[in-house]
Each structure stands twice: as structure tokens, then as C-alpha cells.
Amino acid sequence: MVSQVNKGQQQANVLTNAKQQKVDLQNNNANTAQANAPKAAADSVSLTPQAQQLKSLQDKAQQSSGFDSNKVAELKKAISEGKYQIDAEKLAKNIAAFEFDVYG
């Protein structure tokens, strides 16, 4: 009975060794295939002059405060001193032009 257990263990070891050899062979074949595969060229990107100009303008816009602070200060001063004059006709024309642009 002990010899039967030992014989069973030996057969299991043989099967395990055979499976391991098969896995090792597959790994070696995969490594060889990877080594022989042509290597892809590195990706590269080039920007057109228009794209470079757009990027430059975008950077300037991000650095800008978005408004002319000197003009705002002048307008605030003129309003507070009562010197700012509103041209009602010009304002009405600008509002009408804006509405025409927006609503057609």
C-alpha cells in the first residue's frame, strides 16, 4: 500500500514537471517572439505655425487680467465726480445692434 502511494506521488511529480516544462517552453517562445518583433518608432508631434501662434495667444490671454484696469479706474473716478456723460443715442444704437446680432 505504501508503494502505491509512492507510485501515485511519482506520477504526480512527473505530470507537474511536464506541465512546468511546457510553461517554460511557451514563455521562452513568447520572449523570443518579442525580441524578434520590430520595434516601433517613437511617436512625435509637430505643431503648425498657426497652432504655435494660437498657443502663444492662448498663453497671453491666460496671463491677462481680462480688462483694462486703468480705464476702469478712470471711469469710476469720472462717475464719482459726476463728470461721466452718457450719450443716450449712441447707447440706444449699440443696444439695437447687439440685439440684431444676437436675435437676427
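Sub-8 Å Cβ pairs linking a first residue in the range 52-81 that is free of Cβ contacts under 8 Å to residues at least 40 places away in the same chain and on the phi < 0 side of the Ramachandran plot to a second residue that is among the hydroxyl-bearing types (S, T, Y) and not in a helix (DSSP H, G or I), at least 6 apart or interchain, are L75/Y84; A78/Y84, ordered by first then second residue. Going by the conditions given, is K76 at pLDDT 95 or above and basic (K, R)? So K76 passes the test. Note on the range 80-104: residues that are β-branched (V, I, T) and either at pLDDT below 95 or under 35 Å from the mean Cα position of the chain (by Cα) (or both) amount to 2. Can you find a residue that is among the acidic types (D, E) and surrounded by fewer than 10 Cβ atoms within 10 Å (Cβ to Cβ) anywhere in the range 43-51? Yes: one or more hits. Within the range 71-88, being basic (K, R) and in contact with a helix residue (DSSP H, G or I) (Cβ under 9 Å, 6 or more places away or on another chain) holds for one residue alone: K83.
The values are calculated or read from the model by the stated rules, or taken from the named source; none is laboratory data. All values reported here derive from a predicted model rather than from experimental measurement. Cβ atoms come from the backbone with ideal geometry, glycine included; neighbour counts cover every protein chain shown.
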